[in-house]
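Trainee: Before anything else, here's the structure in question.
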Amino acid sequence: MACYGPQHWWPGESPFEVMVGAILTQQAAWINVEQAIANLKATDVLSPKGLRQIPEPELARLISPAIYHNTKAKKLKALVNWLRESYGDDLDRLFSREIKDLRSELLSVYGIGEETADSIILYAAKKPICVVDAYTRRIMARLGMVSGDISYHACQSLFMNNLPADTQIFNEYHALLVQLGKAVCRPHPLHHKCCLADICPTASKK
DNA sequence: GGCCAGGACACCA
DNA sequence: TGGTGTCATGGC
């Protein structure tokens, strides 16, 4: 698995861009999310203030490549309004909170669920938390390590309890699992065998 | 033409 | 509390 190497995942240029991407990527292919973010940049509205000022229908049009654009436009509006009302658009103040508090704060915002909240904590706030997405659970199930209907929390705990609490490791793990999931878990899952040690040999042996 | 992609929410039983 | 429907683009 060393061939996969560091993934440098989530190529956002700023924490706010990562937050926007986390919402846009819900049930969407990243290639389309990139296009939506490019549209926001081209219109110069990729900022809390910019997203508040742009009319919702126009915002929806700009992010249309990222599927469910009307719903996601509402979610982005909810996010930037919450940022202003609760933190005065000060991301540093938001991200200075403890992980547990930060997570519950994010979950209170319309449109931010567990995976989106954890993605923001890991990739924008750069705090050590494990992101569990569809690929992660799919791979774990295929490996027979968990049942197919494992809860988000249970799967997350499995990683958190067996890996050192290091932002970089969780970052690479998530990225590698998605790449691995794309590579082996769709066409012929039963023809591929792998284990966590293949992905990260330095992981805790706990 | 059908399926899938780095989910979340509302509604109902 | 859990299951189901809805959202609704673009590439292969």
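Trainee: What single numbered condition from (1) in a helix (DSSP H, G or I); (2) at pLDDT below 95 fails to hold for A:V20?
Mentor: (2)
Trainee: Can you spot a residue in the stretch A:156-166 that is in contact with a Cys (Cβ under 6 Å, 6 or more places away or on another chain) and in a loop (DSSP other than H, G, I, E, B)?
Mentor: no
Trainee: Right, another one. Residues in the stretch A:119-128: is at least one on the phi > 0 side of the Ramachandran plot, of a type in the set (D, E, K, R) and either more than 16 Å from DNA strand C (Cβ to nearest atom) or in contact with a helix residue (DSSP H, G or I) (Cβ under 6 Å, 6 or more places away or on another chain) (or both)?
Mentor: Yes, there is a match, as at least one residue in the stretch A:119-128 is on the phi > 0 side of the Ramachandran plot, of a type in the set (D, E, K, R) and either more than 16 Å from DNA strand C (Cβ to nearest atom) or in contact with a helix residue (DSSP H, G or I) (Cβ under 6 Å, 6 or more places away or on another chain) (or both).
Trainee: Right, another one. Of the residues in the stretch A:25-51, how many are closer than 17 Å to A:I112 by Cβ and surrounded by fewer than 16 Cβ atoms within 10 Å (Cβ to Cβ)?
Mentor: So the count comes out to 1.
Trainee: Still on this structure, I have one more. Which numbered condition in (1) surrounded by 13 or more Cβ atoms within 10 Å (Cβ to Cβ); (2) more than 17 Å from A:A124 (Cα to Cα) is the only one that A:G88 fails?
Mentor: Unmet condition: (1).
The values are calculated or read from the model by the stated rules, or taken from the named source; none is laboratory data. Source: prediction; values computed, not measured. Every residue, glycine as well, gets a Cβ built from its backbone with ideal geometry; the counts of neighbours run over all protein chains shown.
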